[in-house]
Amino acid sequence: MALYGFSLNPCLESVEVCQFNVNLSTTLIRPRCLRFNRKPACSLRRNLHGVRCSSVSKSVSSKESQGNDSVSKTASPGEEEPGHVTRFEMSDFMVLDRVSVGLAGRADEVIFEAIVKDSSSPLYNSRVVLRQLTSAQAQRRGRRAIEVLKKLVGRRILYHSYSMQVYGYVTSHKSGSHSSFTLVHGYHGSFSLRHWLQQPNWLPTLEATLALDEESVRRVGDDSVGGPAVSRQLRLTRILMRDLLIGVNYLHCHGIAHTELRLENVHISPIDRHIKVGILGNAADFYENGPSGSALDSKVNRRQMMIAFDMRCVGFMMAKMVLSELMDPSIFTKFKHFLMMGNDPSCLREFLLPILTRNSATGNVGLQILDRNWGAGWNLLSLLLTVKGSKRISCLDALRHPFLCGPRWRVVPSMDIIRWGLGSTAVRITEEYIYRKAQRGRLAHFIELMEMLNPHSRPKNWLEFLPGKWRLLYSTGRHIGLTLRQPPVRVLIGNTYLTIERTSKSNTSLLVTSEIGFTIMVGHDWPHDKRGIKGKLQVNSSSRLRAGKRLYLNEAAMEGFSLGQSNSEKFITEKLSSRKWRKVIPFTELPSNLPVAKLLPDNVEITMTLDDTLEQGVNAANIVQEIRTQVPPEMFELSNIVCGTYVDSRMLVLRGVNGSALIFTRSCRDEKLQVTK
């Protein structure tokens, strides 16, 4: 990548640029080609041949500026000459007869591709983009892009690597009409990142464009190339996301927010194989008049808000890169509306799962990528899209996230990542729906570990996270189906939800509703034909939240009883003594008790609704009895729920009176937003 119009650091007396006149399509100038020498300032001006530099632009004589008029033209009267850029004339270009599809502009922009034909210009024979800005607002964006360049001149190499290069402008004054303004910027391929992802064979084509080899993938902590499609796309996503975050972090470090990060504004240069974050025409400053002043707090809030906005845009880009279904405008609209309604992004997987498993339960590549490494991808996505801007992850923290670090990099996970991983693994096991003894024991082990790592033990914390709609995933209690029984009525249980609402913000009273969906199958071919009369059973109860403790009975307390220690407790004891889990679990032995949130239920009300009338001979009492047989008793009799042992923004664990655990995941409260199959 050529460094045109390279700016000097005022403390350096000279700079030497290797092969300054270069063809962008064939030659790459890497940063190591730059050598800084202590030479007189006059020799520097002779070597750069009229390239305007910030440290010497004011000292250039009028004769020098006239002699170098082919590159840096004189500004029109009344017009301020911007620094670090070149003022061109239209005669300096040969306009091409086509425009690449990836250069689509706004309604007030006219796009041309051109070749620089001025032999004295360092851009000679290079392809550039002429963006003619027709409206006054568009021209302000163009001048803003040039103004931002002045602030980024301190670290120009990073600017060239991660931002679309602005070379200069073309302007003219016409009598009786507005002046025309055309921005001249770099050409970085015919496709934007959105167009790349829309290609049918985008993965191998983009791999070839980036020339991925073992050396190039080491910068993301990987040591291999090729492999299954999931591994290849994950590796490519890491490369693109890390490049994007480095570029955005470069802007944030200079007090600038991009504000227009979209797939359409991001290009991949085939020359230096870096992502270019687009023209900075709408870039906003963190501090309008510097970081000092009387309103320092408001300026800090402004900076935080702008960084959070950029990171939210990065989250949208990552979601589209991994999940191709979001390229559909209708699905992406629901996706954005889901977040705008205040739903927690930690339950994005629950929201998108129906559409991701539409064609195959496990064959979706994006789902497999985000599920890898204990669901690390979903965790990063939720941190990028979290509702509160103050809790949104920064660029540097995102670069350290396990999802963007390959297997060669050892990343010490935080406690939040460990909790997320335990919950994600438990969810994956429940989705397999093969509840053999080994799986049941494994699920009980993970639930026990989650309870020990419960981040919210006080009732006031539960009042913050508990309200919402939760879908039942699994119960460690009994599991009774239809296969080996001959019930009077065949009932197929659907989704079971637990909805919790606060009756008042001034007290701890809760309204708990258990909602059980089911289908009454009336035909004899029910194993193959699941159609029937759909219904819904609701159990309403009021409850109060109190602080409590869960006791763990040790061997001394159990002396005289023949129950012995459960398999789950044996597993936990082994984990606590192992070296691997010693750094994770803050206990050296099985504790005698753990703090929990105690639920005190009150009156219970049961209602059942059906979508159609029952056939003759089908008794409603038999339907209710069959539902009670298949559903965990805690969901039918809410008074059996005695305490909550784990809660966060995504997972919930409740314990019944008989000791069985019910694990839930947060669901979308508005059924209209759900993406159905």
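For residue 549, the amide hydrogen comes within under 5 Å of the amide hydrogens of 596, counting only partners 5 or more places away or on other chains and with H modelled in the peptide plane.
At full extension, residue 203 and residue 534 could sit 114.8 nm farther apart than now, given 0.36 nm per residue minus the alpha carbon distance. The string of couplings for segment 534-550 from the Karplus curve (6.51, -1.76, 1.60, θ = phi - 60°) is 8, x, 8, 10, 10, 10, 9, 8, 9, 8, 10, 10, 9, 7, x, 9, 9 Hz, one whole number per residue in order, with x for Gly and Pro. If R0 is 51 Å, the Cβ-Cβ spacing of residue 428 and residue 616 corresponds to a FRET efficiency of close to 0.70. For segment 313-328, the Karplus equation 6.51 cos²θ - 1.76 cosθ + 1.60, evaluated at θ = phi - 60°, returns couplings of 5, 4, x, 4, 5, 5, 4, 6, 5, 8, 9, 5, 4, 6, 6, 6 Hz by residue, with Gly and Pro reported as x. For segment 323-390, the solvent-accessible area of protein heavy atoms averages 41 Å² per residue (probe radius 1.4 Å; ligands and nucleic acids excluded).
Label 7 Å along Cα→Cβ of residue 485; segment 651-666 residues with amide nitrogen under 18 Å? Residues passing the 18 Å test: none. The length gained on full extension between residue 300 and residue 397, counted as 0.36 nm times the residue separation minus their Cα-Cα distance, comes to 33.0 nm.
Amide H contacts of residue 254 (H built 1.01 Å from N, in plane; Pro and chain starts excluded): no residue 5 or more places away or on another chain comes under 5 Å. For the listed residue pairs 336/388; 437/536; 505/536; 150/391; 336/469, the alpha carbons are over 22 angstrom apart in 437/536; 505/536; 150/391. Extending 7 Å from the Cα toward the beta-carbon at both residue 134 and residue 604 defines two label points whose distance is 7.0 nm. Relative to its residue count, segment 90-133 spans a Cα convex hull of 74 Å³ per residue.
Shown for segment 380-486: the carbon plus sulfur share of the solvent-accessible area, taken with all protein chains present and a 1.4 angstrom probe, equals 52%.
Here's how it looks for residue 474: its modeled amide H is under 5 Å from those of 663, which are all 5 or more places away or on a different chain.
A simple spin-label model places the labels of residue 624 and residue 111 6.5 nm from each other, with each point 7 Å out along Cα-to-Cβ.
For an R0 of 35 angstrom, estimate the FRET efficiency from the Cβ-Cβ distance between residue 218 and residue 89 and round to the nearest 0.05. Provide the component values of the computation, followed by the final result.
Values: r = 46 Å, r/R0 = 1.31.
Between residue 218 and residue 89 the formula returns 0.15.
Modelled spin-label separation between residue 372 and residue 542, with each label point placed 7 Å from Cα along the Cα-to-Cβ direction: 5.3 nm. Peptides 233-246, 612-625, 135-148, 102-115 ranked from most to least packed give 233-246, 135-148, 102-115, 612-625, packing being the mean of other C-beta atoms within 10 angstrom over each peptide's residues.
Converting phi to 3J(HN,Hα) with the Karplus coefficients 6.51, -1.76 and 1.60 and the offset θ = phi - 60°, segment 113-119 yields 9, 8, 10, 6, 10, 6, 5 Hz in sequence order, with x at every glycine or proline.
Subtracting the Cα-Cα distance of residue 190 and residue 359 from their residue separation scaled by 0.36 nm leaves 57.6 nm. Sites listed here are chymotrypsin sites (Phe, Trp or Tyr not before Pro) in segment 424-532 whose DSSP assignment is loop and whose Cβ has at most 12 other Cβ atoms within 10 Å: 433. Per the Debye calculation on segment 209-356 with a single equal scatterer at every Cα and no solvent contribution, log₁₀ I(q)/I(0) for q = 0.09, 0.12 Å⁻¹ amounts to -0.37, -0.65.
The values are calculated or read from the model by the stated rules, or taken from the named source; none is laboratory data. Model, not experiment: these values are computed from the prediction. All Cβ positions, glycine included, derive from the backbone under ideal geometry; neighbour counts span all protein chains shown. Heavy atoms of the whole protein, side chains included, go into the accessibility calculation; ligands, DNA and RNA do not. Shrake-Rupley method; radii C 1.70, N 1.55, O 1.52, S 1.80 Å.
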